[in-house]
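Since the structure comes first, as structure tokens, the remarks are kept for the end.
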Amino acid sequence: MFADRQTLEVWSGRIDPEPDALRWHQCIQPLAVDSVPGVALLGFACDEGVRRNQGRVGAAEGPTAVRRALANVAWQRQGPAYDAGDVRCADGELEGAQARLADGVRQLLDAGHLPLVLGGGHEVAWASWSGLALHLASTLPKPRIGIVNFDAHLDLRDPSRGPTSGTPFAQIAAHCTSHGWPFRYSCLGLSQAANTCTLLRRAAELDVLIHEDHEIREGSLARIGAELDAFAADCDALYLTFDLDVLPAGDAPGVSAPAAHGVGLALLEPLVRRLKASGKLRLADVAELNPALDQDGRTARVAARLIHTLALDV
């Protein structure tokens with residue numbers, strides 16, 4: 001779980017002559033065993049779940065594209081940030097890659113870091129959550145993990161035929177049920193057109209907190225924010241997962257399933273900041289960036305902006 005030379009070479013970019021004008025590529029450090037706690041980037045170079053879900057593959061290259069876009073972003077952190085390398089999925093072995101990512105996330109959490117996972121398809125969510133669950137279960141018998149998913153899709157499909165990018169939250173719900181844990185899940189930006197009646201009914205049965213894409217507008221942010229505050233207050237820890245296909249297709253063309261409606265970043269970012277300010281955020285990931293479909297690198301820039309926002313000292 002350490003960045004290799006090829007990964008670290010991605011971190012290059014502009015150097016300004018003015019004082020106090022650093023950028024991410026000048027400040028990011030390779031993770032070491034004795035690194036003091038900070039933000040830790042961990043890539044999930046995998047889109048096997050997208051392939052199994054009959055989507056457009058290419059998200060396995062997402063982590064590298066996010067790093068390239070983030071490299072020239074202005075550095076405004078006080079604490080350190082590390083690159084922990086990538087977990088790769090070889091020969092379609094999705095379950096093994098997910099298990100390795102979960103262990104990597106657990107190790108980062110155990111060491112006091114805030115893991116920010118770079119996807120990869122949204123099958124990353126099961127692995128990310130599993131790592132947080134392993135970390136919390138060592139001290140809490142029944143951890144209350146609040147999942148906030150910015151996504152056009154519920155990703156509650158039946159996992160009985162194996163995991164895909166469409167099954168992670170159904171897998172999490174099943175795990176919670178079998179262990180007697182509470183299942184707390186919120187999906188923000190949902191598109192009714194992208195979710196079948198079966199999925200919507202399953203969400204209702206699981207008491208999922210949903211705000212559809214057309215509901216999220218300037219006048220509703222205070223109300224939705226207050227609901228998220230209450231959601232967070234009832235949890236031991238928060239896991240934020242941002243599927244880039246929640247954004248309008250014009251803002252995020254580089255995804256497997258571009259959104260016909262979507263919700264703009266200007267509306268979603270205040271909610272991301274609010275969740276971070278809760279003090280309960282322990283883990284976040286950004287999923288579904290497909291560089292092969294990304295016109296002018298627009299989606300990668302959005303992903304980099306999100307990582308920058310999540311990494312800010314609050």
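The values are calculated or read from the model by the stated rules, or taken from the named source; none is laboratory data. Keep in mind it's a predicted model, so treat the numbers as computed, not measured. FYI the Cβ positions are ideal-geometry reconstructions off the backbone, even for glycines, and counts take in every protein chain you see. For accessibility, only protein heavy atoms count, side chains too; no ligands or nucleic acids. Shrake-Rupley method; radii C 1.70, N 1.55, O 1.52, S 1.80 Å.
Are any of the residues in the stretch 3-18 modelled with pLDDT under 95, on the phi > 0 side of the Ramachandran plot and not aliphatic (A, V, I, L, M)?
Scanning the stretch 3-18 turns up no residue that is modelled with pLDDT under 95, on the phi > 0 side of the Ramachandran plot and not aliphatic (A, V, I, L, M).
Just wondering, is there one or more residues in the stretch 108-118 that are over 14 Å from the mean Cα position of the chain (by Cα), more than 30 Å from Glu215 (Cβ to Cβ) and without any contact (Cβ under 8 Å) to a residue 24 or more places away in the chain? I'd like the intermediate steps shown before the answer.
Keep residues of the stretch 108-118 that are over 14 Å from the mean Cα position of the chain (by Cα), which gives 108-113.
Then drop every residue that is not more than 30 Å from Glu215 (Cβ to Cβ), which leaves 108-113.
Retained after the next criterion (residues that are without any contact (Cβ under 8 Å) to a residue 24 or more places away in the chain): none.
No, the stretch 108-118 contains no residue that is over 14 Å from the mean Cα position of the chain (by Cα), more than 30 Å from Glu215 (Cβ to Cβ) and without any contact (Cβ under 8 Å) to a residue 24 or more places away in the chain.
So, of the residues in the stretch 260-273 that are of a type in the set (A, V, I, L, M) and open to solvent by 10 Å² or more (accessible area, probe 1.4 Å), which turns out to be modelled with the lowest pLDDT? Step through it out loud before you land on a result.
If we filter the stretch 260-273 for residues that are of a type in the set (A, V, I, L, M), which is where we start, we get 260, 263, 265-268, 271-272.
Next, from what is left, pick out any that are open to solvent by 10 Å² or more (accessible area, probe 1.4 Å): 260, 265-267.
Working: Ala260: 94, Leu265: 98, Ala266: 98, Leu267: 98.
Ranking the qualifying residues of the stretch 260-273, first place goes to Ala260.
What are the pairs, 6+ residues apart or on separate chains, where a residue within the stretch 16-38 that is closer than 11 Å to Arg77 by Cα has its Cβ under 8 Å from a residue that is open to solvent by 80 Å² or more (accessible area, probe 1.4 Å)?
Arg23/Arg14; Arg23/Ile15
Which one of the conditions (1) open to solvent by 30 Å² or more (accessible area, probe 1.4 Å); (2) in contact with a Phe, Trp or Tyr (Cβ under 7 Å, 6 or more places away or on another chain) does Ala71 fail to meet, given that it meets all the rest?
Tallying (1) open to solvent by 30 Å² or more (accessible area, probe 1.4 Å); (2) in contact with a Phe, Trp or Tyr (Cβ under 7 Å, 6 or more places away or on another chain), Ala71 fails exactly one: (1).
Which pairs do you get when a residue that is under 20 Å from Gly264 (Cα atoms) and assigned to a helix (DSSP H, G or I), found in the stretch 223-244, comes within reach of a residue that is modelled with pLDDT of 95 or more and open to solvent by 50 Å² or more (accessible area, probe 1.4 Å), reach meaning Cβ atoms under 7 angstrom, with the pair 6+ apart or on two chains?
Gly225/Arg274; Leu228/Arg274
Restricting to the stretch 274-298, and then to whatever is under 14 Å from the mean Cα position of the chain (by Cα) and either more than 15 Å from Leu41 (Cβ to Cβ) or among the charged types (D, E, K, R) (or both), can you tell me which residue is most open to solvent (accessible area, probe 1.4 Å)?
Going through the qualifying residues, I end up with Arg282.
Name the pairs: first residue in the stretch 175-189 and polar (S, T, N, Q), second residue assigned to a strand (DSSP E or B), Cβ to Cβ under 7 Å, at least 6 apart or on different chains?
Short answer, once both residue conditions are applied: Ser186/Ile147; Ser186/Val148; Ser186/Asn149; Ser186/Leu209.
Considering each of Gly279, Gly297, Gly262 in turn, give the residue that is part of a loop (DSSP other than H, G, I, E, B) and either of a type in the set (S, T, N, Q) or more than 15 Å from Asp151 (Cβ to Cβ) (or both). Let's see the steps before the verdict.
Numbers: Gly297 fails: part of a loop (DSSP other than H, G, I, E, B); Gly262 fails: either of a type in the set (S, T, N, Q) or more than 15 Å from Asp151 (Cβ to Cβ) (or both).
Going through Gly279, Gly297, Gly262 in turn, the sole match is Gly279.
Pick from Asp236, Asp229, Asp207: which is among the charged types (D, E, K, R), closer than 29 Å to Gly96 by Cα and at pLDDT 95 or above?
On the way: Asp229 fails: closer than 29 Å to Gly96 by Cα; Asp207 fails: closer than 29 Å to Gly96 by Cα.
So the residue among Asp236, Asp229, Asp207 that is among the charged types (D, E, K, R), closer than 29 Å to Gly96 by Cα and at pLDDT 95 or above is Asp236.
Of all residues in the stretch 29-54, how many are open to solvent by less than 30 Å² (accessible area, probe 1.4 Å), farther than 19 Å from Leu283 by Cβ and hydrophobic (A, V, I, L, M, F, W, C)?
Here the count works out to 1.
Taking the criterion of being open to solvent by 20 Å² or more (accessible area, probe 1.4 Å) and more than 22 Å from Ala193 (Cβ to Cβ), would at least one residue in the stretch 250-259 satisfy it? Quick ask: steps written out before the conclusion?
At the first step, the residues of the stretch 250-259 found to be open to solvent by 20 Å² or more (accessible area, probe 1.4 Å) are 250-251, 256-258.
Now narrow it down to the ones that are more than 22 Å from Ala193 (Cβ to Cβ): none.
No, there is no match, as no residue in the stretch 250-259 is open to solvent by 20 Å² or more (accessible area, probe 1.4 Å) and more than 22 Å from Ala193 (Cβ to Cβ).
Just wondering, is there one or more residues in the stretch 54-70 that are closer than 22 Å to His135 by Cα, in contact (Cβ under 8 Å) with a residue 60 or more places away in the chain, of a type in the set (A, V, I, L, M, F, W, C) and in contact with a helix residue (DSSP H, G or I) (Cβ under 7 Å, 6 or more places away or on another chain)?
Residues of the stretch 54-70 that are closer than 22 Å to His135 by Cα, as a first pass: none.
Checked against the condition, which is being closer than 22 Å to His135 by Cα, in contact (Cβ under 8 Å) with a residue 60 or more places away in the chain, of a type in the set (A, V, I, L, M, F, W, C) and in contact with a helix residue (DSSP H, G or I) (Cβ under 7 Å, 6 or more places away or on another chain), the stretch 54-70 yields no hits at all.
Out of curiosity, is Ala90 without any contact (Cβ under 8 Å) to a residue 40 or more places away in the chain and either over 28 Å from Asp296 (Cβ atoms) or open to solvent by 40 Å² or more (accessible area, probe 1.4 Å) (or both)?
Values: without any contact (Cβ under 8 Å) to a residue 40 or more places away in the chain: yes; either over 28 Å from Asp296 (Cβ atoms) or open to solvent by 40 Å² or more (accessible area, probe 1.4 Å) (or both): yes.
Against the criterion (without any contact (Cβ under 8 Å) to a residue 40 or more places away in the chain and either over 28 Å from Asp296 (Cβ atoms) or open to solvent by 40 Å² or more (accessible area, probe 1.4 Å) (or both)), Ala90 qualifies.
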